[in-house]
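Visitor: Sharing a structure here in structure tokens format.
The values are calculated or read from the model by the stated rules, or taken from the named source; none is laboratory data. None of these values were measured; they are calculated from a predicted model. Note that we place each Cβ from the backbone using ideal geometry, even for glycine, and neighbour counts take in every protein chain shown. Keep in mind that these areas ignore ligands, DNA and RNA; they rest on the heavy atoms of the full protein, side chains included. Shrake-Rupley method; radii C 1.70, N 1.55, O 1.52, S 1.80 Å.
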Amino acid sequence: MTEYEGLIVKALGGFYYVRTQAGLFACRARGLFRKEEISPYVGDRVTVEPTEEDRGFITAISPRKNHLIRPPVANIDQLMMVVSTTQPKPNYLVLDKLIAVAEYKEITPVLVVTKEDLEEGQEIAEIYRLAGYEVYTVSSTLGTGIEAVRKALKGKITAFTGNTGVGKSSLLNALQPDLELATAHISQKLGRGRHTTRHVELYEVAGGYVADTPGFSAVELDSFEIIFKDQLQYCFKEFEEYIPSCRFTGCSHTKEKGCAVLQAAQEGKIAPSRLESYHAMYEDAKKLNEWEHPSR
Ligand code: ZN
């Protein structure tokens, strides 16, 4: 029997919807995945064995490059972090925590700074460009900067995150006017509650896919991932080139003499807010018990 390779674009009501070259198939997963304790995720590349015209079974899941638990999405290429210049002002620590988790999961963090019409986003843009990240400044109201974000979506699976009020919905709406309508419709159909947040779908936007869930306003941070103190430094991208020059191996970059990271920060090559976030996260990471360490 002919099998097809495809992408799970939606999970709903016990079915996985797989987009293949032969069209869209509503699939069940074979029982074997339950034994292996793998459940298919939206974003998974899978093999489909058709049973009827538009029905089939998922018979294999390709290895994932990453996945999130909340929302359950696999193979995310980039995490677009939506922050506003004002109302609310960005919380740099929260933002840096999210960026670190994305780095840890090997998902490229990208920043979208909204509400450029209310206040300039230059300060925040400079901090993150200095750290080596792509930053887009937009005004969804005026439509400025939207085209550049659309270009960045092409050929990729993108997840969005942003706190309430930063204008995530307006941005998505500016990117693709019928998108919010589609998510609102699903939301209405499912009602509020457990099922709503578990529904994930990949929407085609600007030649790529946007992973969105009704109620997915922010990636859940606390239960999301623990980064241990010796791994944390590598989740701050701009530290990387300085770490080998620290005088002591195992330098924590907090107060050591001859620390190349602290030196770089002094010279303005690392933004003060980024170093502060690292230090705050390092203090938290220190409190984790040794036995929680995965390598022990
Ligand atoms: Zn150091």
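Visitor: Just to be sure I understand the model, the point goes 7 Å from the Cα along the line to the Cβ. What's the resulting HIS67 to GLU120 distance in nm?
Guide: Between HIS67 and GLU120, the label points sit 4.6 nm apart.
Visitor: Something else: Would you report the distance distribution of C-alpha pairs in the chain as whole percents per 5 angstrom bin, up to the bin with the largest distance?
Guide: All Cα pairs considered, the percentages come to 1, 5, 11, 14, 15, 15, 13, 10, 8, 5, 3, 1, 0, 0.
Visitor: Let me ask something else about it. Probe 1.4 Å, all protein chains in place: accessible area of LEU142 in Å², nearest 10?
Guide: Answer for LEU142: close to 120 Å² accessible.
Visitor: Run down the aspartates and glutamates and flag those whose C-alpha is under 13 Å from the C-alpha of LYS168, throwing out any fewer than 8 positions away in its chain.
Guide: GLU180, ASP212
Visitor: Where the Cα atoms of the stretch 124-185 are projected onto their three principal axes, how long is each span, largest first, in whole Å?
Guide: 40, 28, 21
Visitor: What list of ³J(HN,Hα) values in whole Hz, one per residue of the stretch 85-93 in order, does the Karplus curve 6.51 cos²θ - 1.76 cosθ + 1.60 (θ = phi - 60°) give from phi, with Gly and Pro shown as x?
Guide: Karplus values, whole Hz, x for Gly and Pro: 5, 7, 6, x, 5, x, 9, 5, 5.
Visitor: Continuing with the same structure: Can you list the cysteines of the chain that have no other Cys Cβ under 4.7 Å away?
Guide: CYS27, CYS235, CYS259
Visitor: I've got another one for you. Provide the convex hull volume over Cα atoms per residue for the stretch 4-61, in Å³.
Guide: 66
Visitor: Straight-line reach from LYS65: which lysines have a Cα under 24 Å away, not including same-chain ones fewer than 8 places off?
Guide: The qualifying lysines are LYS10, LYS35, LYS97, LYS105, LYS151, LYS154, LYS156, LYS229, LYS237.
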